[in-house]
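Single-structure report; data block below.
The values are calculated or read from the model by the stated rules, or taken from the named source; none is laboratory data. All figures in this text were calculated on a predicted structure; none of them were measured in a lab. Cβ placement follows ideal geometry from the backbone for every residue including glycine, while neighbour counts extend to all protein chains displayed.
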Amino acid sequence: DAGVTQSPTHLIKTRGQQVTLRCSPKSGHDTVSWYQQALGQGPQFIFQYYEEEERQRGNFPDRFSGHQFPNYSSELNVNALLLGDSALYLCASSLGVLGETQYFGPGTRLLVL
Amino acid sequence: AQKVTQAQTEISVVEKEDVTLDCVYETRDTTYYLFWYKQPPSGELVFLIRRNSFDEQNEISGRYSWNFQKSTSSFNFTITASQVVDSAVYFCALSEVAYSGAGSYQLTFGKGTKLSVIP
């Protein structure tokens, strides 16, 4: 049973560029959440997708956007990259939305120069 | 607003010692869920346990045990006879059941406790 997968594993961008990160959920899961983890900090919630719609959003600017596809996979897009966007981006999948356990992928390490 | 506090930033123990990781949470909801995750150096968060607010029974799984006390808003994690493979950052997380349309929730994490087990 495949777990949550993310691509790419590492990425280097320069300020002002745009980036797209991808996530495939665990088999049978229909909900995808994205988190940003800065060095030495706990993950911070960005947003959650369910039935191809953004159902909840954390305190992140509109430069952060996402999408969920009919097969439940998801993309996270970040426009106009800032140095402060350098972080580990984690995708989590779950079944339904109410209190279900979220299972995490290995993450994408983004470095903005 | 929900909040999770892990006051211990780093802990070092010698192999085979017992160690307890503290977690204190704040929430206004009566229905909520608590989680512990392990993050090894590779970066992937590994799920350890989930507990809902109506179940205060302590749980034991092998060398791991969890003590949930609503009266003190704490959900502490104990590793018995620690091993080098237990070295990682451990996160406590909270989710409230926030209703918005069909319902949704998010995980709020503490800042984590880095555990180093020395052989």
Restricting attention to segment B:1-15, and to residues there that are assigned to a loop (DSSP other than H, G, I, E, B) and of a type in the set (A, V, I, L, M), which single residue is nearest to B:ARG63 (Cα to Cα)? B:ALA7
Considering only strands (runs of 3 or more DSSP E) fully contained in segment B:33-119, which possess at least 3 residues that are within 15 Å of B:ILE11 (Cα to Cα)? B:74-79, B:88-96, B:113-118
Residue in segment A:55-69 that is modelled with pLDDT under 95, surrounded by fewer than 21 Cβ atoms within 10 Å (Cβ to Cβ) and outside any strand (DSSP E or B) present: yes
Where B:PRO40 falls short, out of the listed (1) closer than 25 Å to A:GLY107 by Cα; (2) more than 9 Å from chain A (Cβ to nearest Cβ); (3) buried (at least 16 other Cβ atoms within 10 Å of the Cβ): (3)
Quick one: in segment B:16-32, of everything that is of a type in the set (Val, Ile, Thr) and part of a strand (DSSP E or B), which residue is nearest to the other protein chains (Cβ to nearest Cβ)? B:VAL24
How about segment A:45-86: which of its residues are of a type in the set (A, V, I, L, M) and under 14 Å from the mean Cα position of the chain (by Cα)? A:ILE46, A:LEU76, A:VAL78
Residue count, segment A:93-113 (criterion: under 25 Å from B:PHE54 (Cα atoms), more than 7 Å from chain B (Cβ to nearest Cβ) and either part of a loop (DSSP other than H, G, I, E, B) or free of Cβ contacts under 8 Å to residues at least 24 places away in the same chain (or both)): 3
Criterion (within 14 Å of another protein chain (Cβ to nearest Cβ), of a type outside the set (Asp, Glu), exposed (fewer than 13 other Cβ atoms within 10 Å of the Cβ) and touching a strand residue (DSSP E or B) at 6+ places or on another chain (Cβ under 9 Å)) met by exactly one of A:LEU39, A:LEU82: A:LEU39
Yes/no for B:ARG51 being crowded, with 17+ Cβ neighbours inside 10 Å and either touching a residue at least 60 places away in the same chain (Cβ under 8 Å) or more than 16 Å from A:PRO43 (Cβ to Cβ) (or both): yes
Run A:ARG55 past the list (1) free of Cβ contacts under 8 Å to residues at least 12 places away in the same chain; (2) within 11 Å of chain B (Cβ to nearest Cβ) and report the number of the one that doesn't hold. (1)
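Yes/no matrix, rows are residues, columns are (1) closer than 17 Å to B:THR20 by Cα; (2) at the interface with another protein chain (Cβ under 9 Å from one of its Cβ atoms):
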{"residue": "B:PHE54", "(1), (2)": "no, no"}
{"residue": "B:SER61", "(1), (2)": "yes, no"}
{"residue": "B:GLN83", "(1), (2)": "yes, no"}
{"residue": "B:ASP86", "(1), (2)": "yes, no"}
{"residue": "B:LEU107", "(1), (2)": "no, yes"}
